[in-house]
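Visitor: Sharing a structure here in structure tokens format.
The values are calculated or read from the model by the stated rules, or taken from the named source; none is laboratory data. Quantities reported herein were computed from a predicted structural model and do not represent experimental measurements. Using ideal geometry, Cβ is built from the backbone for each residue, glycine included, and neighbour counts are taken over all protein chains shown.
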Amino acid sequence: MSACSQPVEDSSAAATTNAVPSADSSPLTGVWEMTSLTVAGEPVPYSGQIAFTADTVAVQASNPDTAAPDTPYAVAGYEAYYGGLSVDDAAGVFAIDVESAAARDLVGQTLTRTFEVIDDELVLTPTDPSEGFRVTYERLTD
């Protein structure tokens, strides 16, 4: 979910993991607050939240530097998008079909991410390692 990474347009990733819409019992379901973001191993000063329901996800994140250059995810240091969600809990992979986004080029893309939930911590990484980001969140609500 990094504002500094590239979108993943490979919708086949979701299909090859047998992703299906998540049930409310998925460990992803709930609202999470960003605790750290690293890109290429370097910390990035973003803050934000991600909210998962059974079949949708919404992401908001911001860089305190509003003069930061635009990225594929962020405009004026702000990242926001939402869309339909498919989750394969067993494989630890989800896909977002972006319906709306501050960075308009994301609309219509499918973003795939790997995830790990341990207790109340969520770690997201791209399915494409060349994107090079890692973001962690703390659970706020179920």
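Visitor: With (1) modelled with pLDDT under 90; (2) under 15 Å from the mean Cα position of the chain (by Cα); (3) under 18 Å from GLU99 (Cβ atoms); (4) not basic (Lys, Arg) as the list, and PRO21 as the residue in question, which single condition is left unmet?
Guide: If we test PRO21 against (1) modelled with pLDDT under 90; (2) under 15 Å from the mean Cα position of the chain (by Cα); (3) under 18 Å from GLU99 (Cβ atoms); (4) not basic (Lys, Arg), just (2) comes out false.
Visitor: Output yes when any residue across segment 125-136 is crowded, with 16+ Cβ neighbours inside 10 Å and in contact with a Gly (Cβ under 6 Å, 6 or more places away or on another chain), and no when none is.
Guide: No: zero hits.
Visitor: Residue pairs, Cβ under 7 Å, 6 or more apart or interchain, first in segment 113-139 and at pLDDT 95 or above and among the hydrophobic types (A, V, I, L, M, F, W, C), second surrounded by 16 or more Cβ atoms within 10 Å (Cβ to Cβ) and not in a strand (DSSP E or B). List them.
Guide: Going by the 7 Å Cβ cut-off, the qualifying pairs are PHE115/LEU28; PHE115/GLY92; VAL117/PRO27; VAL117/LEU28; LEU124/MET1; VAL135/MET1; VAL135/SER2.
Visitor: Can you tell me which residue within segment 63-82, out of those that are modelled with pLDDT under 90 and of a type in the set (A, V, I, L, M), is surrounded by the most Cβ atoms within 10 Å (Cβ to Cβ)?
Guide: Top of the filtered list is ALA68.
Visitor: Of the numbered conditions (1) of a type in the set (A, V, I, L, M); (2) closer than 23 Å to ALA40 by Cβ; (3) surrounded by fewer than 17 Cβ atoms within 10 Å (Cβ to Cβ), LEU122 fails exactly one; give the number of that condition.
Guide: The one condition LEU122 does not meet is (3).
Visitor: Still on this structure, I have one more. Suppose the filter is surrounded by fewer than 16 Cβ atoms within 10 Å (Cβ to Cβ), at pLDDT below 95 and touching a Pro at 6+ places or on another chain (Cβ under 7 Å); does PRO45 pass it?
Guide: Answer is yes for this residue.
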